[in-house]
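**Q** Quick one: the structure is below, and I'll ask about it shortly.
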Amino acid sequence: MRVHFIAIGGSAMHNLAIALHKKGFEVTGSDDVLFEPSVSRLSKYGLLPEQNGWYPEKITADIDAIILGMHARIDNPELVKAQELGIKVYSYPEYIYEQSKDKLRVVIGGSHGKTTITSMILHVLQAAGIDFDYLVGAQLAGFETMVKLTKEASVIIIEGDEYLASPIDRRPKFHLYKANIGVISGIAWDHINVFPTFQSYIDQFEIFIDTIQSDGKLIYRKTDEILNNVVTNSDAEIDREPYALPDYTIENGVTTIIADGKKYPLEVFGEHNLLNMEAARLVCESLNIKSADFYKHITTFKGAARRLEVVGKSNNAHIFKDFAHSPSKLQATIHAVKTQFPNRKLIACIELHTFSSLNKDFLSQYAGTMDEADVAMVFIDKKTFEQKKIEPYPAETVKAAFLKQNLTFFNDSKLLLTELEKINLTNTNLLMMSSGNFGGIDLSELKNKIL
């Protein structure tokens, strides 16, 4: 098979390109801009385009399939040429399905926790010596790439994003995988630029349930009221398996699961992670891994990249970084740190970076989300407003939306860094949350100065 990637440098795209190359496919690709780590990874396998840019002459009739990345435009010259030649054009989720039609497909959906649940499942399956394929949205310790596709594995674990599949396919990605086992971790409005009303967003999860194969199963969080209503109202002919928090204790900053009279101390913490763990456990049980074996293996799970990741710590202080950016993720992450270390002061800083979080009409969704933080900071890089062509708004708008007394707002990374460098971390935790990079602030360098 010969496949060509348009916008090969994307996170999922370059990992899929490598996976197909390893499978024996002839892989080529193009992109107008490439960044690390995709440059190094593509170069390692001889897949890095010789030049940046779009070259319609690369598109010839002997190509079996085009895989189109979200970064490409609908008038991309390579795409236009492929359409003229009648070459089949796939989004990457469509092609993942093409490569996994004969496998058992486990699809992890939900507004939050998808990467962590997927990562937990992969960790346990690997520890149990089970062969599997996968697609996950973060680089994980012990896994070279974010995509694995083989002929041999009989099961594939897929992180099912609800964002759009490609510029010419406006369906959410997780609709295209046709899950045998589906997971929904919860529903909290996100991607407002694509789903302008909460109901239009909820609709996508109703459709996802309908895509689960007729002899399949839905694993879902029963403590999410909105999700519970969606599942109750669905007439899909599938099994339903709810989950909730397991029994646990927190002692000396360590969370321990209690199951069948045994204790399992964990490397991770927070109620949201315990809920994620129960979803992962039920998936693994469906794959014939006993609960006791699951808990034994999960004790060595250190978390997915950028999910409550420890930047540095001392005897009485931690610095965490986390990917949290939506209101539900922000609140859950702050609650997790405050609950794990109740006697420490918590300084929490969130960077609003996504289209949804920056939308002035969406800001009110953040009301009360930072209430548990002793000190709250919000950062919006003024350059982000420019890049996303959003009209800037003043600090007063942000403070009014969060409804948090003494919240401090920054739109200049230098001023934010100056404030962070003043922090006394004695008996204090610092939590930095963003899907961006705080305007280029080096958290490792910050750690060396204040810890």
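The values are calculated or read from the model by the stated rules, or taken from the named source; none is laboratory data. These numbers come from a predicted model, not from an experiment. With ideal geometry, Cβ positions are generated from the backbone for all residues, glycine too; neighbour counts draw on all protein chains shown.
**Q** Where residues in the range 64-86 are without any contact (Cβ under 8 Å) to a residue 12 or more places away in the chain and closer than 20 Å to residue 2 by Cα, which of them is surrounded by the fewest Cβ atoms within 10 Å (Cβ to Cβ)? Can you show your working first?
**A** Restricting attention to the range 64-86, the residues satisfying the condition of being without any contact (Cβ under 8 Å) to a residue 12 or more places away in the chain are 75, 83-84, 86.
Now narrow it down to the ones that are closer than 20 Å to residue 2 by Cα: 83-84, 86.
Values: 83: 14, 84: 10, 86: 8.
The extreme case among them is 86.
**Q** Considering every residue within the range 408-417, establish whether at least one is touching a residue at least 60 places away in the same chain (Cβ under 8 Å) and β-branched (Val, Ile, Thr).
**A** No, the range 408-417 contains no residue that is touching a residue at least 60 places away in the same chain (Cβ under 8 Å) and β-branched (Val, Ile, Thr).
**Q** Okay, moving on. Which numbered condition trips up residue 397, out of (1) closer than 30 Å to residue 266 by Cβ; (2) in contact (Cβ under 8 Å) with a residue 24 or more places away in the chain?
**A** (1)
**Q** Scanning for something surrounded by 15 or more Cβ atoms within 10 Å (Cβ to Cβ), in contact with a Pro (Cβ under 9 Å, 6 or more places away or on another chain) and not in a strand (DSSP E or B), does the range 417-433 turn up at least one residue?
**A** no
**Q** Looking only at the range 201-208, decide whether some residue is over 16 Å from residue 113 (Cα atoms), crowded, with 16+ Cβ neighbours inside 10 Å and in contact (Cβ under 8 Å) with a residue 40 or more places away in the chain.
**A** Yes; the residues of the range 201-208 include at least one that is over 16 Å from residue 113 (Cα atoms), crowded, with 16+ Cβ neighbours inside 10 Å and in contact (Cβ under 8 Å) with a residue 40 or more places away in the chain.
Residue-wise test of (1) in contact (Cβ under 8 Å) with a residue 24 or more places away in the chain; (2) among the polar types (S, T, N, Q); (3) within 20 Å of residue 332 (Cα to Cα); (4) in a loop (DSSP other than H, G, I, E, B).
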| residue | (1), (2), (3), (4) |
| --- | --- |
| 246 | yes, no, yes, yes |
| 249 | no, yes, yes, no |
| 255 | yes, yes, yes, no |
| 272 | yes, no, yes, no |
| 275 | yes, no, yes, no |
| 279 | yes, no, yes, no |
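**Q** Is it the case that residue 241 is assigned to a strand (DSSP E or B) and either at positive phi or of a type outside the set (Val, Ile, Thr) (or both)?
**A** So residue 241 passes the test.
**Q** Now for a different question. Do any strands (runs of 3 or more DSSP E) lying entirely in the range 70-182 carry at least 2 residues that are of a type outside the set (Asp, Glu) and out of contact with any Phe, Trp or Tyr (no Cβ under 6 Å at 6 or more places or on another chain), and which ones are they? Let's see the steps before the verdict.
**A** Details: elements: 89-91, 104-109, 133-135, 155-159, 164-166, 169-172.
Of the strands (runs of 3 or more DSSP E) lying wholly inside the range 70-182, those with at least 2 residues that are of a type outside the set (Asp, Glu) and out of contact with any Phe, Trp or Tyr (no Cβ under 6 Å at 6 or more places or on another chain) span 89-91, 104-109, 133-135, 164-166, 169-172.
**Q** Among the listed residues 313, 321, identify the single one that is surrounded by 15 or more Cβ atoms within 10 Å (Cβ to Cβ), closer than 22 Å to residue 407 by Cβ, outside the structural domain of residue 267 (by TED's automatic domain parsing) and in contact with a Leu (Cβ under 9 Å, 6 or more places away or on another chain).
**A** That would be 321, the only listed residue that is surrounded by 15 or more Cβ atoms within 10 Å (Cβ to Cβ), closer than 22 Å to residue 407 by Cβ, outside the structural domain of residue 267 (by TED's automatic domain parsing) and in contact with a Leu (Cβ under 9 Å, 6 or more places away or on another chain).
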